[in-house]
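Undergrad: Below is a structure I'd like to ask you about.
Where a number appears in this text, it was derived from the coordinates with a stated rule and is not lab data. None of the values given here were measured: they were computed from a predicted structure. With ideal geometry, Cβ positions are generated from the backbone for all residues, glycine too; neighbour counts draw on all protein chains shown.
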Amino acid sequence: MPRFLKLLHGDQTIGRGPAFWVGFCVVLLGALLYPLGADDYYVGNTAYFFIWIFMALGLSLIWGYTGMLSFGQTAFFGLAGYGYGVISINLGSAYGLTFFALVSAVLLAALLALLLGYFMIYGRIGGVFFGIVTLSVTFAFSQFLAQTAGPQWRIGAARLNGYNGMGGILPLSLPWFGEEIYIEGSILYYLLLVMLVVCYLALRILVNSRFGNVLVAIRENPERAEMLGYDIRKYQLAIFVIGGALAGISGAMYTSWGQFITPATMALPAVAMPIIWVAVGGRKDLTATLVGTFVLLYVFQTVTVYSQQYALILMGALLLLTVLFAPSGYVVAFAELLRRLTAAKPRDNAVSRRVIRRATDD
Amino acid sequence: MDLLAEVFSFVFQAADVFAFLVLAASGLAIIFGMMGIINLAHGEFIMCGAYVTVITVQTGMPLPLAILCGALAAGLIGIALERTIIHRLYERPLDSIVATWGISLIVTQGTLLALGSTWPGIGTPAGTFLVGEYTYASYRLVLIGSAIAVLVLIYWVFMKTRYGVFARATMQQPAMARALGVRTPIVYSVTFGIGAALAGLTGGLFAPTMTLIPMMGMTFIVEAFVTVVVGGADVLLGTAPAAIVLGVIKAALTAWYGQLFGQIGLLITVVIVIRVLPEGITGWLTRRRA
Amino acid sequence: MASILETRSLQKRFGGLQAVANVDFEIDDGELHCLIGPNGAGKSTLFKLILGRYPPTAGTIRFRGEDITHLRSYERIRRGMSIKMQVPGIFKDLSVRQNLAIALQEHCRPARLAAEIDRLAEFVDLTEQASQLAGNLSHGQQQWLEIGMAVAIKPSLLLLDEPTAGMSPEETFKTGEIVHRLNAERMTILVVEHDMTFIRQMARRITVMHLGTIFAQGTMDEITRHEGVSRIYLGESHDG
């Protein structure tokens, strides 16, 4: 087995051994077969859930793995969303140019993350200030877009259209023997599923690599990490950009999916959502983030059918309960419970509960 | 004479922004400076103060008293919140941000459910005055005066009262303060309560000038953050000077380039300040004084 | 003998306080050097200046012949310094193995990493605890773990800031043995300590700091006979 594949599991990810990978394959198989049996509406809806998970994985890297609480994810989401809209409207969909728009939009988000991250990280903004500066920037960006209603706010053929949002955006499409195939319905579903699996596995490798080791070292004790010879600012900036680009994928795919984007996707309450998904699932683990995000999106949508206010109150309450009673997240707590129940050997009482996970890992 | 009127106009605008920033930020800054916690539900305390003020006015109470009721209500809720939730999170500043964020979400959506999307306002107290050819609302003067009064009050409370001595001791050396018999949990509760009450006061003061909606805290919170980031940890040494600097910048940009550039100018100032003065104005002043 | 570290007229002011005043300080290559002095003498500040945690107010620092006065901390570390901090600086939520892996990973071939971790864990006597979370170790074990991490990056100069603080006499003795073995492998070591038994066990050469300056320098015997030294200790400090 190539060395990098061994990094699919390691200290920084829950889940290893045959049982986990068998489960992974079963879930993946289920996801692959799902469109064959399910109604088109549900397939589209599940694809919609997939869209958001990239942004959550990005936040897990920034906040969970590296310890920087960022409210910037929806800003990168929004920039990529608008970026995709503007580019696709201006370039059209010939020659598969919408995919060029997708890539450019993601790069645009990464660029904003690089700029913002540079000023904050190299300005030694840390701790709580990192949170409120990113939050201020996100709010200001959404307020800026909200007042672009006038006809003078246009980029080429694309009108930003202020609070009401930009419409008329082209969906992803590919030319196919003189015809155009629109990436929607189950094609979109499969595209997103592939992207998601690739991202998830690649990120597992990343966080279990030497690079990932340094990330968690920075989270645990930045001074010690620097005193081992690591230029921690480079690592922080790198992960902030990677996380921003992941949010960009969400933003661009969202815009392609709905062909529409508004500043509200960046403002309250949207800006709270990634924080909630990641915290409740378990920010320090990619799998927990993925599962938690999917489940919460489903719950949120189900409750929203009755009342959006109740759904949001539920989300706020879940966040509060997580912080107070399960700071590592519910999916992580559940995984630990599962492990403890299945662990054959009796526990020695002296060792603290926290050790169990690591100890049985090794 | 014309020039004088222009100058007055500019100074008045800057003072108006200054008042807004001081009032919006002081509660947040006290809680942050004393306890290291950023209270993301700060905007909701402002909203609470505004609603209580307006509702009590509508039941027939005079405005000044109603504003005090708003501040009191927010302060009491603040203390209750500190006792039940916040005090568990002092060792975990990032988690306290996240928790107050959850509270903020619950409160805004809960208010939306309970009281609807808007609440009828009470209108700005009448009265204008004229300088040159510009007219100004007198109530703006009340706001500017209140901002200055709040700063004086903070100075008095933290420098001249017994509580202030305890609070500063607790902030600097919690263990030592405890050893000297200061009941630090009470100090923390009271401090959080003062921060919340100031937010409520701000809500009450601005309530007559604004539309009452559950999300109204949003209007204040970004400017409050910006002021605290630029100012640093100390209310008197940081927030007040930061509000002056930002007030002048924003008033100038707004006067010459419009509202939007005023906003963007504030953010650019923040970015520059964090690059040049990582500890804000507080850190800079403290280093110069030392 | 060639000096590995050399400060010239090094100064650090905090406002009106002169924490380090005109310090000319040298450590020879391969020596085991102790830095002592009452609380507030400027030892910690000197350490932080050497490591680049603060910029000096004036003066220069040279390390292995190179002027490092304006380098950032991590750059100094990469040039061959390492430190065990006063408060154990470990990654508490990670296992002992992971702690060591993070320190080692840039300094050995990937294929050798596991073996090197085992070797290092054995060196600081944490083989049995290798899978535990570092935060669950005893205080002494945490100190050893950090020494292990500091050594993992193969420094030519190791700084130890109160390595025996909070240790029992047996643990202190064991720490002394670890330090001696490192020094025997030609690692230059500078120790800040309060524990006189430990210092007696350790050092060939001792530097006494007082009020931000170097007050005396010499062997253990010379220092104990030095009248001024006992005076500053007895007169102005309650520990030692």
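Undergrad: Within 14 Å of chain C (Cβ to nearest Cβ), closer than 21 Å to B:ILE97 by Cβ and within 13 Å of the chain's Cα centre (by Cα): is that true of A:ARG219 in this structure?
TA: Numbers: within 14 Å of chain C (Cβ to nearest Cβ): yes; closer than 21 Å to B:ILE97 by Cβ: yes; within 13 Å of the chain's Cα centre (by Cα): no.
No: the conditions fail for A:ARG219.
Undergrad: What is the number of the single condition among (1) within 22 Å of A:THR134 (Cβ to Cβ); (2) surrounded by fewer than 18 Cβ atoms within 10 Å (Cβ to Cβ) that A:ARG233 does not meet?
TA: The one condition A:ARG233 does not meet is (2).
Undergrad: Within the stretch A:121-141, is there a residue that is more than 10 Å from chain B (Cβ to nearest Cβ), closer than 18 Å to A:MET55 by Cα, aliphatic (A, V, I, L, M) and part of a helix (DSSP H, G or I)?
TA: no
Undergrad: For A:ARG204, indicate whether it is away from chain C (no Cβ under 14 Å) and under 25 Å from A:ARG3 (Cα atoms). Spell out how you get there, then give the answer.
TA: Details: away from chain C (no Cβ under 14 Å): yes; under 25 Å from A:ARG3 (Cα atoms): yes.
In short, yes.
Undergrad: Considering only residues that are within 10 Å of chain C (Cβ to nearest Cβ) and out of contact with any strand residue (DSSP E or B) (no Cβ under 9 Å at 6 or more places or on another chain), look in the stretch A:227-247 and name the one that is nearest to A:ILE125 (Cα to Cα).
TA: A:ARG233
Undergrad: Further question on the same structure: Go through the stretch C:94-117 and give me each residue that's buried (at least 18 other Cβ atoms within 10 Å of the Cβ) and within 9 Å of chain A (Cβ to nearest Cβ).
TA: Result: C:LEU94, C:SER95, C:ARG97, C:GLN98, C:ASN99, C:ALA101, C:ILE102, C:ALA103, C:GLN105.
Undergrad: Another one. With respect to C:THR127, is the statement that it is more than 8 Å from every other protein chain (Cβ to nearest Cβ), on the phi < 0 side of the Ramachandran plot, touching a strand residue (DSSP E or B) at 6+ places or on another chain (Cβ under 9 Å) and in a loop (DSSP other than H, G, I, E, B) true? Walk me through it before giving the result.
TA: Values: more than 8 Å from every other protein chain (Cβ to nearest Cβ): yes; on the phi < 0 side of the Ramachandran plot: yes; touching a strand residue (DSSP E or B) at 6+ places or on another chain (Cβ under 9 Å): no; in a loop (DSSP other than H, G, I, E, B): yes.
Here the answer is no, as C:THR127 does not meet what is asked.
Undergrad: Taking the condition of being at the interface with another protein chain (Cβ under 9 Å from one of its Cβ atoms) and either over 20 Å from A:ARG224 (Cβ atoms) or not in a helix (DSSP H, G or I) (or both), how many residues in the stretch C:63-78 meet it?
TA: Counting residues in the stretch C:63-78 that are at the interface with another protein chain (Cβ under 9 Å from one of its Cβ atoms) and either over 20 Å from A:ARG224 (Cβ atoms) or not in a helix (DSSP H, G or I) (or both) gives 1.
Undergrad: So the check is Cβ under 9 Å with 6+ separation or different chains; which pairs have a first residue in the stretch C:182-204 that's buried (at least 18 other Cβ atoms within 10 Å of the Cβ) and a second one that's of a type in the set (Lys, Arg)?
TA: C:MET187/C:LYS154; C:VAL192/C:LYS43
Undergrad: Do the conditions hold for A:VAL278, that is, is it crowded, with 21+ Cβ neighbours inside 10 Å, assigned to a helix (DSSP H, G or I), touching a helix residue (DSSP H, G or I) at 6+ places or on another chain (Cβ under 7 Å) and in contact (Cβ under 8 Å) with a residue 24 or more places away in the chain? Steps first, please.
TA: On the way: crowded, with 21+ Cβ neighbours inside 10 Å: yes; assigned to a helix (DSSP H, G or I): yes; touching a helix residue (DSSP H, G or I) at 6+ places or on another chain (Cβ under 7 Å): yes; in contact (Cβ under 8 Å) with a residue 24 or more places away in the chain: yes.
Judged against the criteria, A:VAL278 is a match.
Undergrad: Here's a follow-up. Output yes when any residue across the stretch C:74-89 is more than 23 Å from C:GLY218 (Cα to Cα), hydroxyl-bearing (Ser, Thr, Tyr) and surrounded by fewer than 21 Cβ atoms within 10 Å (Cβ to Cβ), and no when none is. Let's see the steps before the verdict.
TA: Step one: of the stretch C:74-89, the residues more than 23 Å from C:GLY218 (Cα to Cα) are C:74-89.
Filter again for hydroxyl-bearing (Ser, Thr, Tyr), leaving C:74, C:82.
From the residues that got through so far, the ones that are surrounded by fewer than 21 Cβ atoms within 10 Å (Cβ to Cβ) too are C:74.
Yes, the stretch C:74-89 contains a residue that is more than 23 Å from C:GLY218 (Cα to Cα), hydroxyl-bearing (Ser, Thr, Tyr) and surrounded by fewer than 21 Cβ atoms within 10 Å (Cβ to Cβ).
Undergrad: Give the stretch C:96-109 a look and list any residue that's of a type outside the set (A, V, I, L, M) and either out of contact with any Lys or Arg (no Cβ under 7 Å at 6 or more places or on another chain) or more than 16 Å from A:LYS6 (Cβ to Cβ) (or both), or say none.
TA: Of the residues in the stretch C:96-109, the ones of a type outside the set (A, V, I, L, M) are C:97-99, C:105-109.
Hits for the stretch C:96-109 are C:ARG97, C:GLN98, C:ASN99, C:GLU106, C:HIS107, C:CYS108, C:ARG109.
Undergrad: I've got another one for you. How many of the residues making up the stretch C:79-93 are at the interface with another protein chain (Cβ under 7 Å from one of its Cβ atoms) and small (Gly, Ala, Ser)?
TA: Total meeting the criteria: 1.
Undergrad: Hey, can you tell me all the residues within the stretch C:132-155 that are away from every other protein chain (no Cβ under 12 Å) and under 13 Å from the mean Cα position of the chain (by Cα)?
TA: Answer for the stretch C:132-155, where residues must be away from every other protein chain (no Cβ under 12 Å) and under 13 Å from the mean Cα position of the chain (by Cα): C:GLN143, C:TRP144, C:ILE147.
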